[in-house]
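Written below as structure tokens is the structure these notes are about.
Nothing in this text is a laboratory measurement; each read-out follows from the coordinates by a stated rule. Keep in mind it's a predicted model, so treat the numbers as computed, not measured. We place every Cβ from the backbone using ideal geometry, glycine too, and count neighbours over all the protein chains shown.
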Amino acid sequence: MPSILQVALDTPLHRLFDYRLPDELGPVQPGVLVEVPFGRTRQIGVALSLQTDSAIQTDKLRDVLCVLDDRPALSPDILRLAQFCADYYHYPLGAILLATLPPRLRNATPFVADTPWLVVSEAGRTAEPPARAKAQRALLDALRAAPQMRDALRAQKQGRHAAALIAAGWAEWTRTPPQTAETPQTAGSPLATPEQQAALDRLLPALTQFGVHLIHGVTGSGKTELYLRLIDAVLARGLQALVLIPEIALTPQLEQHFRNRFPGRRVMTLHSGLAEAARTENWLAAPDCDVLLGTRLSVFAPLPRLGLIVVDEEHDGSFKQQDGLRYSARDVAVARGKQANVPVVLGSATPSLESYAHALADRYQLIELQQRAISQAQLPTIELVDLKHIPVDNGLTRPALQALTETLARGEQSLVFLNRRGYAPALYCPSCAWVSPCPRCSARLVLHRTSHRLKCHHCGFETRIPHECPSCGNPDLKALGQGTQRLEETLAALLPAARIRRIDRDTMRPRAWAELGEAVHGGAVDILVGTQMLAKGHDFPNMTLALILDTDGALYSPDFRATERLFAQLMQVAGRAGRADKPGRVLIQTAFPDHPLFRYLQRHDYAGYARVLLAERKQLELPPYTRQVLLRAEAPTMEAALAFLQRAAALAPEYAGVSMFSTTPAPMARVANLERAQLLIQSTQRQALQAFVRDWRPQLDTIKPRVARWSLDVDPLVF
Ligand SMILES: [Zn+2]
Ligand SMILES: [Zn+2]
């Protein structure tokens, strides 16, 4: 009787593949990586189960080529989580399983990973480095408390000192670090506020089993402090904590904060900013870490002693992947918590309406922190500047400029928020009304003056700034509207004494946050100008003014989530102003001062506005009261994209309670020379919608002619 191995492969096909397992290779546990022939190529796959028969004749089966035992197998809990994702997102299991691995482990080339941990040697326990070698002494002390990660040492520029300790025989690299000290080691924590203590009294007893807890805490209320205490409790039981954070928030400061707080613990990071080798190294070391701090993809990290999952800034859009497996790391975190019977803590100053609705319905436990942790810190006052009555010059009103001038005179710092990078959103010809179109998209090319380019922010197309209008030859082209570069230029001209720094995707390199933080804390910056990147992460005690320009586009956007997002963004920017003992002030320029959003914003009333939005959503039958699935198609022509979707609609099974909208061009109809169209399906019943898609999806594979690309997006966030 031959052994037949079911293998999951990274293909678009929703099926597994059978291979004969030669006796000399077996036996093979589920989750082990194998190399198999596939068509005329070889592929890496994940072994799933051993069987004794196959739908395919045994003599037609091909042999497994080799078992990759130079890398660990995927654990049963990750296999189970991937299966959940395959079912829920209707995505091939093999593609998901392979995507959970760092790229380096997805090819068969044998490799030897760098040993990730530096540990103290026997001799190092009692060694006495010379007194003048302060850094070496400090590192040796740290090693006596806990092993240190190669990647972290690199980030802290400790490589030289590590090498010195190794040369002296006091430290060595190892793959599996010894367990940390028996006594939990936690640095002194600040005294909990009464509100934090009340939250802990509810949360700590709930740590032994699955449950979702939503911490809604105003900015500065000390959510991070709560996480740290919960993590501490979990670590004390010998378990691991997974902390998911938004893409952009992964600052070395946060990492350092965790390391300082848990000096005896193995704190590790995993994010896409790591070099490939470090990512592989850290992924391989994850099973031995105590705290894993990571972005979206770390929700699939191997953590055999998982005891707690925290999702910070749970409303953040970066938790949702926008291509391939379009998963929400927050939702997958909840699924993982449920499968592993581990508590999940979601935190935000402005929770997503999805999570908040769960909390209001008692499916999640709601924990509210309404006071700022530093008692003198007050919430900033929020004032509106009515653009219907007050003229704007180069994007700025007189009250705004005056506020900046006063703040500067007091020696305090300001931030100016404009969510559009570049110099101007477009280049414009006053004589024929030509407005720099992207040749590949239905979008305008953005003027970047510092690099002398016109750039498309959707497809990456770029070109030189033309000397004359390509349409009529007029040499006098104008910048249309304001971007952060132009704003920086305007401010520099109006406030020549101010030291101005611009923060947006054009200026930020991966580790530039640390340098920026130091510059602002050290008082080397008077005005920060930037996009939403500014809103996240940092605490600047001397920042007392936040100026918000031009948010009106979102107030009447066709995207039903636009006001939810804008409110969250404005709350976050406002939260940057006045965090220590100085009162903060927020100024918002708007032509719609009567919009209800501002009323709630001025009262810092997230809960009130959330209820308004939820009532609207309920009435309009929108999420979270309905579930949605979006079928997207891209083709060289709009006719072809729409025809595909119409064919798909015709093949749809009848399901009670599931409704299908008509096919439409996407709001951004053309990107990178492909026309995009979409078809929305929704239902108030998640189960019905899931069953519908399960029936429907296989039909989509049969549609002829095919389009360039199509995909299903379950719980879409962006349309
Ligand atoms: Zn022209
Ligand atoms: Zn483009």
Legend entry - Debye, to nearest 20: dipole size of region 1-62, +1 on Lys, Arg Cβ, -1 on Asp, Glu Cβ: 240
Legend entry - Along each principal axis, Cα extent of region 585-690, largest first, Å: 53, 37, 17
Legend entry - Helix-derived mean residue ellipticity, 222 nm - over the chain, DSSP H n ≥ 4, -39500 (n - 2.57), to 500: -9000 deg cm²/dmol
Legend entry - For the chain, convex hull of alpha carbons as volume per residue, Å³: 198
Inset, instruction - Determine the shape class of region 616-671: with a ≥ b ≥ c the square roots of the Cα gyration tensor eigenvalues, call it rounded for a/c under 1.5, and otherwise prolate if a/b is greater than b/c, oblate otherwise. - result: oblate
Legend entry - Dipole-positive endmost among Gln339, Ile465, Val291 within the chain (Cβ charges, Cα centre): Ile465
Inset, instruction - Obtain the nm distance between the two label points defined at Ala131 and Arg686 by a simple spin-label model: each point lies 7 Å from its Cα along the Cα-to-C-beta direction. - result: 6.4
Inset, instruction - Determine, for Thr350, Thr590, the number of other Cβ atoms within 10 Å of each Cβ, and report the residues in order from fewest to most. - result: Thr590, Thr350
Inset, instruction - Using Cβ-Cβ distances only, list the Cys residues of the chain with no partner cysteine under 4.7 Å, sorted by number. - result: Cys66, Cys85, Cys289, Cys459
Inset, instruction - Would you mind putting 327-336, 522-531 in packing order, based on average other-beta-carbon counts within 10 Å, highest first? - result: 327-336, 522-531
Inset, instruction - Taking the Cα centre of region 340-419 as origin, sum charge times position over the Cβ atoms of Lys and Arg (+1) and Asp and Glu (-1), and report the length of that vector in debye to the nearest 20. - result: 60
Inset, instruction - Using a Förster distance of 56 angstrom, determine the FRET efficiency expected from the C-beta separation of Asp695 and His389, and round it to 0.05. - result: 0.45
Inset, instruction - Place +1 on the Cβ of every Lys and Arg and -1 on the Cβ of every Asp and Glu in the chain, take the dipole about the Cα centre, and give the residue among Leu16, Gln156, Leu214 whose Cα lies farthest towards its positive end. - result: Gln156
Inset, instruction - For a label point 7 Å from the Cα of Ala198 along Cα→C-beta, name the residues of region 349-373 whose backbone N is under 11 Å from it. - result: 368-371
Legend entry - Distance between region 285-351 and region 92-151 - C-alpha centres, whole angstrom: 23
Inset, instruction - Just list whichever of Lys388/Lys582; Lys157/Lys455; Lys338/Lys704; Lys320/Lys455 have alpha carbons separated by over 29 Å in the model shown. - result: Lys388/Lys582; Lys157/Lys455; Lys338/Lys704
Inset, instruction - Rounded to the nearest Å, what's the spacing between the alpha carbon centres of region 45-67 and region 361-431? Just the number, please. - result: 61
Inset, instruction - Quick one: order Tyr625, Tyr19 by neighbouring beta-carbon count within 10 Å, fewest to most. - result: Tyr625, Tyr19
Inset, instruction - May I ask for the longest run of the chain untouched by GluC sites (Glu not before Pro) that are loop-located per DSSP and have at most 13 neighbouring C-beta atoms (other than their own) within 10 Å? - result: 183-467
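What FRET efficiency comes out for the pair Lys338/Cys432, r = Cβ-Cβ distance, R0 = 60 Å, nearest 0.05?
Values: r = 60 Å, r/R0 = 1.00.
With R0 = 60 Å, the Cβ-Cβ based efficiency is 0.50.
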Legend entry - Dipole of region 352-465, positive direction: furthest Cα of Ser431, His389, Leu415, with charges on the beta-carbon: Ser431
Legend entry - Calculated Rg and Dmax of region 512-634 using C-alpha coordinates, Å: 17.3, 53
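So if I place +1 on the C-beta of Lys and Arg and -1 on the C-beta of Asp and Glu, and nothing else carries charge, what would the dipole magnitude of the chain be about its Cα centre? I want it in debye, nearest 20.
Values: 80 positive and 71 negative charges, 160 e Å.
Around 760 debye, computed over the chain.
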